[in-house]
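K.L.:
I have a structure I would like to understand better, so I am pasting it below and will then ask my questions one at a time.
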Amino acid sequence: CGGSVSNSSGLLQSPFYPGNYPNNADCVWEIQVENNFRVTLTFRDIMMQSSRCQYDYVEVYDGPLHSSPLLGRLCSGSLPTYISSSNMMTVRFHSDFRYTFRGFQAHYSSIPADHNTTLLCLPDYMHAVVSRDYLQSQGYSAQMVTLNDSHCKPTVTTHEVIFNIPYNGCGTIREENNDTINYSNMIKVTSSGYLIKRKKNIHLHISCKMLQNTWMQIMYVAEDAVDVNENQFGRYDVNITFYDSSSFLRPVHDSPYYIDLNQNLYLQAYLHSSDPNLVVFVDTCVASPDPHDFNTLAYDIIKNGCVKDSSYVTYYSPSHFARFRFNAFEFISRHALVYLQCELVVCRLGDYSSRCYRGCVTRSKRDASSAEEKVNVVFGPLELRGGGAQSRNTG
């Protein structure tokens, strides 16, 4: 029922389809495909309680759930196709407590976007490219292309005009909208005539929408110890690394990383962004022996900002960092492999009404289990030291 979807194509369907769906369901699928592709979603079947789609329905949003326009709400009848304007689309299925029916099934796929312009949202800047063939077809030259801030010059190659636009400069505007922080700018292609203009000016609006809720998944035991960063359009790039002491000077690169019970484990989360006015906050960290199941057999270290493990300690750190430690607990002695999943939230620096500054909060079950803004990154390893284990660990 819901989750993050990153394959280039696939099926979405209501729980138990083609059997009747359950009452009181609320499923959110967030489809995110490659950069410069679009999501196309086609409904193949839909049968729900139909009374103006008030009680049971499917909603399709053109991007993240809380900050994007609604493309459509349906519960029966026609089988439409929707196409996103970016590489993200959200599908929400909702049922109330009364009647149940067969539900819905839909197929999604990714299609290439317009190749005249491309946009990549990198950790430190927006990488915008305009095709010179496109400019020529419109009667323009590369010298006519400028940014809002004319001091920020592009790189002109044989085939492209390339802008690398920082998030905190060159006229970039930042706005907050529910679950996203939006960075926007505009590339202008201007006709050269002062008195008479025979061609329309072209304004290319570019926007990077960064989801504030970023999920990281850490694996205690794995094949290697290299940090793996999941860097996607629409996500802040955050990584988590083990360190050997509270000085946070020497990261742990041993593979495997052997530990003792009650040994202090030092972790640092780092937000890669050129925007200095952001802060990262550790909201939740849960341990489990199963990397795919953090519910059945799990141990809460911190949950919704509330410390659950008495050994958990945070350290003062700069705004783009979050440093903390806890002890290797008894949990690891009963399981050969232990995994950790942490939820990190990115907020505006000094916004004391935001999640990052509210500390311990209680949330409803639905909010706490939401997977609407989740990115999983796996790295490691960490293993309980045995009698014959030869450790190369420092500290």
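K.L.:
Assess whether Tyr299 counts as being within 24 Å of Arg355 (Cα to Cα), open to solvent by 30 Å² or more (accessible area, probe 1.4 Å), over 25 Å from the mean Cα position of the chain (by Cα) and not hydrophobic (A, V, I, L, M, F, W, C).
P.N.:
It is false that Tyr299 is within 24 Å of Arg355 (Cα to Cα), open to solvent by 30 Å² or more (accessible area, probe 1.4 Å), over 25 Å from the mean Cα position of the chain (by Cα) and not hydrophobic (A, V, I, L, M, F, W, C).
K.L.:
Are there any pairs, at least 6 apart or on different chains, whose C-beta atoms fall under 6 Å, with the first in region 36-51 and closer than 12 Å to Tyr21 by Cβ and open to solvent by less than 30 Å² (accessible area, probe 1.4 Å) and the second at pLDDT 85 or above and in a strand (DSSP E or B), and if so, which?
P.N.:
Every condition considered, the pairs that remain are Ile46/Phe104.
K.L.:
Residue by residue through region 244-288, note down the ones that are open to solvent by 50 Å² or more (accessible area, probe 1.4 Å) and of a type in the set (D, E, K, R).
P.N.:
Arg250, Asp260
K.L.:
Might you let me know whether region 4-25 holds any residue that is touching a Pro at 6+ places or on another chain (Cβ under 9 Å) and within 24 Å of Thr117 (Cα to Cα)?
P.N.:
no
K.L.:
Being among the polar types (S, T, N, Q) and over 29 Å from Ser85 (Cα atoms) is the filter here; which residues of region 1-34 pass it?
P.N.:
Listed by number, the residues that qualify are Asn20, Asn23, Asn24.
K.L.:
Same structure, new question: Kindly indicate whether any position in region 7-14 is touching a Leu at 6+ places or on another chain (Cβ under 9 Å), within 27 Å of Thr180 (Cβ to Cβ) and either assigned by the TED database to the domain that holds Asp96 or of a type in the set (A, V, I, L, M) (or both).
P.N.:
Looking through region 7-14, at least one residue is touching a Leu at 6+ places or on another chain (Cβ under 9 Å), within 27 Å of Thr180 (Cβ to Cβ) and either assigned by the TED database to the domain that holds Asp96 or of a type in the set (A, V, I, L, M) (or both).
K.L.:
Being under 30 Å from Leu122 (Cα atoms) and of a type in the set (Ser, Thr, Tyr) is the filter here; which residues of region 1-42 pass it?
P.N.:
Hits for region 1-42 are Ser4, Ser6, Ser8, Ser9, Thr40.
K.L.:
Looking only at residues that are in a strand (DSSP E or B) and aromatic (Phe, Trp, Tyr) in region 95-113, which one is surrounded by the most Cβ atoms within 10 Å (Cβ to Cβ)?
P.N.:
In this case the residue turns out to be Phe104.
K.L.:
Output the number of the condition that Ser273 fails; it satisfies all remaining conditions of (1) modelled with pLDDT under 85; (2) more than 24 Å from the chain's Cα centre (by Cα).
P.N.:
(2)
K.L.:
If we keep just the residues of region 72-84 that are over 15 Å from Val28 (Cβ atoms) and without any contact (Cβ under 8 Å) to a residue 40 or more places away in the chain, which is surrounded by the fewest Cβ atoms within 10 Å (Cβ to Cβ)?
P.N.:
Ser78
K.L.:
Another question about this same structure. Does any residue in region 124-145 that is under 27 Å from Gly169 (Cα atoms) come within less than 6 Å, Cβ to Cβ, of a residue that is acidic (Asp, Glu) six or more places away or on a different chain, and which pairs are these?
P.N.:
Taking only residues 6 or more apart or on different chains, the pairs are Val129/Glu160.
K.L.:
Same structure, new question: Name the pairs whose Cβ atoms lie under 6 Å apart, with the first residue in region 159-171 and without any contact (Cβ under 8 Å) to a residue 40 or more places away in the chain, the second open to solvent by 40 Å² or more (accessible area, probe 1.4 Å), and 6 or more positions between them or separate chains?
P.N.:
Listed by first residue and then by second, the contacts come to His159/Arg132; Ile162/Thr155; Asn164/Tyr125; Asn164/His127; Cys170/Asp149; Gly171/Asn148; Gly171/Asp149.
The values are calculated or read from the model by the stated rules, or taken from the named source; none is laboratory data. Quick caveat, the model's predicted, so the values are computed rather than measured. Neighbour counts are summed over all protein chains in view; Cβ atoms, including those assigned to glycine, are modelled from backbone coordinates with ideal geometry. The area values use the complete protein model at the heavy-atom level, side chains included, leaving out ligands, DNA and RNA. Shrake-Rupley method; radii C 1.70, N 1.55, O 1.52, S 1.80 Å.
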